[in-house]
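A short worksheet on the structure shown next.
Derivation of every value follows stated rules applied to the coordinates shown; laboratory data play no part. Keep in mind it's a predicted model, so treat the numbers as computed, not measured. Positions of Cβ are backbone-derived with ideal geometry, glycine not excepted, and every protein chain shown enters the neighbour counts.
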Amino acid sequence: MPAETIGFAILGTGMVARYHQQAIAANAERGARLIAVGHYDASRFAEIGARFGVPCLALEDLLKHPEVDVICICTPSGQHAAQAMAAARAGKHVLVEKPMAVTLSEAEEMITTCASTGVRLGVVLQRRAEPLFQRIKTAIQQGALGTLTLGCVTIPYFRPQAYYDQADWRGTWALDGGGVLMNQGIHLVDLLLWYMGDPVQVQASADTLQRDIAVEDTLVATLRFASGALATITAT
């Protein structure tokens, strides 16, 4: 048994919450333990608790739970900021699903709040931890690939209308925060910025051309970096 146990709670009970449950279980030998899950509907607590094998609680009870060290936030994107900051103020470390927030100001406030309360803030952008992408990063840092002058990200993902219809928050600005770029393409865009740095100029055009949703389903963008390097992003 590990000398120290880290107690996790998962806020949200959808498909992504299951992935977090599996990851916690896979790290049991390192001290990870799922203490509880959180949901907003008290009438479903018993059913959800049985499904996850741990108690299902309201957010306010997760925040007060003495065995919970970390809260994994797996709720609609538009709820991330308020929930993350509530967790931080309760002294809980935060692991939040992508995107961390739906506006830049919310993301900055999350960072400030977690820093001021002394808790850790992590965002699920797991591609950076995958061996292939880490080798690429090392090769770039060592100069093995020469000088980077052009990056290209292509995101030809398929999402049928049924994907958006399965939950009323999907495809909305308030709770999804964006479409093909913010939701589907964020991992590849994160890798682009990890490899090439922060852009200093961005031009983009986006529209909703295929699905009955409020957010974008088609996008093209060009980026310029401080080094002078350029990049393109196409997403649909």
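For the reader, a short list of remarks on this structure follows.
- With a Förster radius of 41 Å applied to the beta-carbon distance between Phe158 and Asp41, the computed FRET efficiency rounds to 0.85.
- Relative intensity, log₁₀ I(q)/I(0), of the range 128-235 from a Debye sum that treats every alpha carbon as a point, q = 0.11, 0.23 Å⁻¹: -0.41, -1.21
- Each Lys or Arg adds one and each Asp or Glu subtracts one; over the other residues with Cβ under 13 Å from the Cβ of Leu148, this totals +2.
- Volume per residue of the C-alpha convex hull in the range 51-141, rounded to whole Å³: 140
- Length available on full extension from Thr149 to Glu29: 0.36 nm per residue minus the Cα-Cα distance, which gives 38.8 nm.
- For Asp61 and Arg18, a Förster radius of 22 Å and the Cβ-Cβ distance give a FRET efficiency of 0.55, rounded to the nearest 0.05.
- Gained length - Leu104 relative to Asp207, 0.36 nm times residue gap less alpha-carbon distance: 35.0 nm
- Stretch gain in nm, segment Ile111-Gln142, where the contour uses 0.36 nm per residue and the Cα spacing is subtracted: 8.1 nm
- Note on Leu188 and Ala82: the model spin-label points, each 7 Å out from Cα along the C-beta direction, lie 3.4 nm apart.
- Amide N proximity, the range 173-195 versus Ala214 label position 7 Å along Cα-to-Cβ, cut-off under 19 Å: 173-184
- Computed [θ] at 222 nm, deg cm²/dmol, the chain (DSSP H ≥ 4; -39,500 (n - 2.57); rounded to nearest 500): -9500 deg cm²/dmol
- Compactness relative to 2.2 N^0.38 Å, alpha carbon Rg of the chain: 1.11
- The chain: angle of helix 104-117 to the longest principal axis, Cα-based, in degrees nearest 10: 50
- Most mobile of Val202, Val94, Val16 in a GNM of the chain (Cα contacts under 10 Å): Val202
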